[in-house]
Each structure stands twice: as structure tokens, then as C-alpha cells.
Amino acid sequence: MSRKYKIRDQEQLYFLSFATVHWIDVFTRPLYKDILIESLEFCQKNKGLDIFAYVIMTNHVHLIVGRSGKQKIEEIIRDFKKFTAYKLLKTIAENNQESRKEWILWMMARAGKKNPNNKNYQFWQQNNHPIALTSNKILEQKLEYIHNNPVEQGIVSEPEDYLYSSAKNYAGLVDIMLTVILIE
């Protein structure tokens, strides 16, 4: 991993991005996105993860996070990715409605075999690409980027219309998904 992309200051806010291997569009079903939401909630309640912004797209996630507990941000994200990979692979394998089940599992098994850190499957790409939000300009740019992602992808016409995003929080609407700390 590049020296540029590391979490150096645990008290800093960070923009994180992580994607599925081969950019596979796994999160096309609410069932799979809900697993991510539940896991993020667990990290908030039990690991001290503070979420300031988020979006779950079809094959990647963007977050602005910090921490209020003692656990390091990279440890929280590592545990989140490990748990969600296991849970999502199991859910995909057991989902009789999943028409792409064999292909998704085959692609992730193929990726897992190429990575000596894995035994069977690899769900997530290994990097998180953390960017320290050291100025208001960078923070505002990343916040706008996160919230406009579904608009840029043509999924919705307004950021706050996308269910799996914190844009609605910032628009003053109720978010039934996650508790988000608003950046003033």
C-alpha cells in the first residue's frame, strides 16, 4: 500500500472507499445492502465508529468516518470487511432468488485463490484508500462526492432520494438506515 494512503492520525476524519473484487455489482438487492447497514450500526454501537457520511453503491461503499472509542479506525474497518464478506458470501450462497449466485461465487473464489491472505474467497478489494480530511475544502468535496454518486450513476435525480445514503440526513430528512453525525 502506498505511504500516501494510510491512517496516521486516529483523531482525524477520513474518507474511505472500498469495492468488491472485480467491481462485481453485488449490492443490487436490498438484502445485501441491509447487511452492510446492520454491520455499520454494530460498529457504531460496539466499536466506536462515528459515521459522518455514507453511500452504498452497487459495487462499492464510500464513508466519512472517525472514531469515538479506543479501537483504531483501520481495525474497525478490517473487522467490518471481514464480517460482511463472510455474511454476504453465505447469504448469496443461500439465496435461491440470486440468479448470478454461481458466477459471483466463482469470481470471488478465483480472486481468493490469487491472494495468499485468503483461504477460499475474496469479497472485498484489499485497500480502503483512506484520505485524511485535513481541510474544510477537502471535507466538503468528499461529502459532495459521496452524496452525488447515485446521481452521477443515473440512479436518482436528487441525492436525498437515494435510500442507502446520508444525503437525506443533510437535507433535513429522517434517515431510517443509520445514525449520522452531521458536519456543520
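The values are calculated or read from the model by the stated rules, or taken from the named source; none is laboratory data. Worth saying up front: this structure is predicted, and the values here are computed from it rather than measured. Ideal geometry is used to build each Cβ from the backbone, glycine not excepted, and the neighbour counts take in all protein chains shown.
What to note about this one:
- Verdict on HIS147 being assigned to a loop (DSSP other than H, G, I, E, B) and in contact with a strand residue (DSSP E or B) (Cβ under 8 Å, 6 or more places away or on another chain): no
- Restricting the range 23-50 to residues that are assigned to a loop (DSSP other than H, G, I, E, B) and over 13 Å from the mean Cα position of the chain (by Cα) leaves a set whose member that is surrounded by the most Cβ atoms within 10 Å (Cβ to Cβ) is ILE24.
- Test: residue in the range 71-81 that is outside any loop (DSSP other than H, G, I, E, B), touching a helix residue (DSSP H, G or I) at 6+ places or on another chain (Cβ under 6 Å) and either surrounded by fewer than 18 Cβ atoms within 10 Å (Cβ to Cβ) or not β-branched (Val, Ile, Thr) (or both): yes
- Pick from the range 149-184, criterion at pLDDT 95 or above and either β-branched (Val, Ile, Thr) or over 19 Å from the mean Cα position of the chain (by Cα) (or both), ranking: nearest to ILE64 (Cα to Cα): VAL151
- The set of residues in the range 51-70 that are in a loop (DSSP other than H, G, I, E, B) and touching a residue at least 24 places away in the same chain (Cβ under 8 Å) comprises MET57, THR58, ASN59.
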